[in-house]
1. Against the condition under 25 Å from Val115 (Cβ atoms) and under 37 Å from the mean Cα position of the chain (by Cα), how does Pro224 come out, does it pass?
2. Of the conditions (1) crowded, with 18+ Cβ neighbours inside 10 Å; (2) touching a residue at least 60 places away in the same chain (Cβ under 8 Å), Ile242 fails just one. Which one is it?
3. Search segment 584-599 for residues that are under 17 Å from Gly245 (Cβ atoms) and pair each with any residue that is part of a helix (DSSP H, G or I) and modelled with pLDDT under 85 when their beta-carbon atoms are under 7 Å apart and the residues are at least 6 apart or on different chains.
4. Among the residues of segment 364-377, is there at least one that is among the charged types (D, E, K, R) and under 16 Å from Met457 (Cα atoms)?
5. Scan segment 524-546 and give yes if some residue there is at pLDDT 90 or above, basic (Lys, Arg) and either within 30 Å of Glu337 (Cβ to Cβ) or not in a helix (DSSP H, G or I) (or both), otherwise no.
6. Of (1) touching a strand residue (DSSP E or B) at 6+ places or on another chain (Cβ under 9 Å); (2) part of a loop (DSSP other than H, G, I, E, B); (3) among the small types (Gly, Ala, Ser), Ser96 satisfies all except one. Which?
7. Looking at segment 152-175, can you tell me whether even one residue there is in contact with a Lys or Arg (Cβ under 8 Å, 6 or more places away or on another chain), surrounded by fewer than 17 Cβ atoms within 10 Å (Cβ to Cβ), farther than 30 Å from Lys204 by Cβ and of a type in the set (A, V, I, L, M, F, W, C)?
8. Name the single residue, out of those in segment 547-583 being of a type in the set (Asp, Glu) and assigned to a helix (DSSP H, G or I), that is surrounded by the most Cβ atoms within 10 Å (Cβ to Cβ).
Amino acid sequence: MNTQNQHKINMSFLNKLFGRKDEQSPIVSILPEEIYQAGVLELKDVISPSALKISPKDLNLGEKIGRTLFVISYPRFLDESWFAPIINLDKIFNISIFIHPVETAKILRHFQKKVAEVQSQISRREDKGLVRDPALDTAYQDLEQLRDQLMQAQEHLFDVGVYITLFADSEGELDKLESEIKSILESKLIYVKPALFQQEQGFKSVIPIADDQLGVHSKLNSSPLSSLFPFVSFDLTSDKGILYGINRHNSSLVLFDRFSLENYNSVTFATAGAGKSYATKLEILRTLMFDTDVIVIDPEKEYEYMAEATGGKYFNISLNSEHHINPFDLPIAREDESAADVLRSNIINLVGLFRIMLGGLTQEEDAIVDRAISETYALKDITPESDFRTVEPPLLSDFELVLAGMEGGDSLVQRLSKYTKGTWAGFINRPSNVDINKKFVVFSLRDMEDELKPVAMYIVTHYIWNAIRKNLKKRLLVIDEAWWMMKSEDTASFLFGLAKRGRKYFLGLATITQDVDDFLNSPYGLPIVTNSSIQILLKQSPSVIDHIQKTFNLTDEEKYLLLESDVGEGIFFVGLKHVAIKIHGSYTEDQIITTNPAQVLAIQDAKKQLEAAG
């Protein structure tokens, strides 16, 4: 085949392709525009499904199956939030609401005729001596009332079409979703039907082109129509407070001031690495900006850098620490309490402390310890009539001395000696030298032996409690890894007491734990949860999720949400309301509070470089 013939064949093919009849036309005359137009990708090509199949009951859009429903009937009264359960369903669907105004003059003429018909029916029944028909009476009253409102322009009438197109991966899943939608609406006496043999028109009515091809309308006046307002979504926020996170359902802000709620307490449950400490640190940083003092009991030394960055105080409590707290310290009595009440309360708390320190007490030992504490205070001339501002409190060694002189105290003295003369003497048998007069204070217990951690937490929390009672201020007490305190009945009881009594002293208690079972299995665990206005659940492990679901009355969907949540994601509760939440921090906040080892090392390297350069 020669070149000329090949050229002619190519030209003929292109002319046929583009519908040209003149085969002698030069090829270059059709290349620039027509070939370009043939290859243009328009928006409709991008958004169109790969395939479309229309059947009487549904339609296939590529890999999805869709079905359009329409509302056919409403009850006499519509609740303002009746549409919210549909809008907030965690499913894939489209909703279109068409509102066509009806001319008032035209509808009034129709009303006049309708009222006359109803009146005629009522009159005929009366003439026949029949019992009054409540339905007719109600219809007559409603028609008269609506006619008056229309004449006075208080109401307007509209033809309203509500169409819902559901999507699913299979027909069975679609039937299940349709049944769920119907059940929700029929419980409110609102009935829907599928658009049989009109699925194409139904789908076109729902896509955002504002074309009501289905044309299935109900007449609604202004008041019930307002209940159809589509932007009703689960919202959990206040008009003031700090940002806890982002509502994952509608991206609204979750803002709350814990000190404006019925109590100021919160609990946070999460697995290790789920972001509970990160969320707590964010709350602390943001709370400090609102003139609130924050005190933290830190079991893992996670808050040291944060205390340094915010100008707070950091106390490392350990056997070799230079910071000491004397459990025999007495708080100054407030105006509404007597010195005798303060002394009695402190003696009771000390008995609880010795139960923990000595591994439990028999009833006889309990009585001996109680009497020995009273005599130890008396040894220092401290009585219910004393002014606690001028007294010098006794030490643990003074208590040991008194106990040694009492009948039946030998065993107790032997068990106590490790705290007064042994390896643990440096921790507890010294005068207090801790000052918490700062906006942000952290007590770290990481370097304390595990056996002594419950003792240390009890002593520290009591010291904090005495300081709180001494001076009324807005404070937040954060107890991280609170399951340590739930191991002992005395520490758990004291923690519950803080949750119950804190409001009186303007104290919010934030309890955080990863060991959910240890916390909730304590007899004080659930009462602490119920006495917390804010509850935060982040990612949970499968071993505890059933316990969590039962405690917080979670649905199966919420249960799986907690199992599959990413870091910083979970459910935020305030009272009976709750939303799915995502916790976000700014770049600056993230640099201050992160516990990610890679980020911590990077920050430390940057600090070293700055110090070397300086």
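The values are calculated or read from the model by the stated rules, or taken from the named source; none is laboratory data. Values in this document were obtained by computation on a predicted structure and should not be read as measured data. Every residue, glycine among them, receives a Cβ derived from its backbone with ideal geometry; neighbour counts consider all protein chains shown.
1. yes
2. Tallying (1) crowded, with 18+ Cβ neighbours inside 10 Å; (2) touching a residue at least 60 places away in the same chain (Cβ under 8 Å), Ile242 fails exactly one: (2).
3. Pairs found: Gly585/Ile593; Thr594/Val600.
4. no
5. yes
6. (2)
7. Scanning segment 152-175 turns up no residue that is in contact with a Lys or Arg (Cβ under 8 Å, 6 or more places away or on another chain), surrounded by fewer than 17 Cβ atoms within 10 Å (Cβ to Cβ), farther than 30 Å from Lys204 by Cβ and of a type in the set (A, V, I, L, M, F, W, C).
8. Glu558
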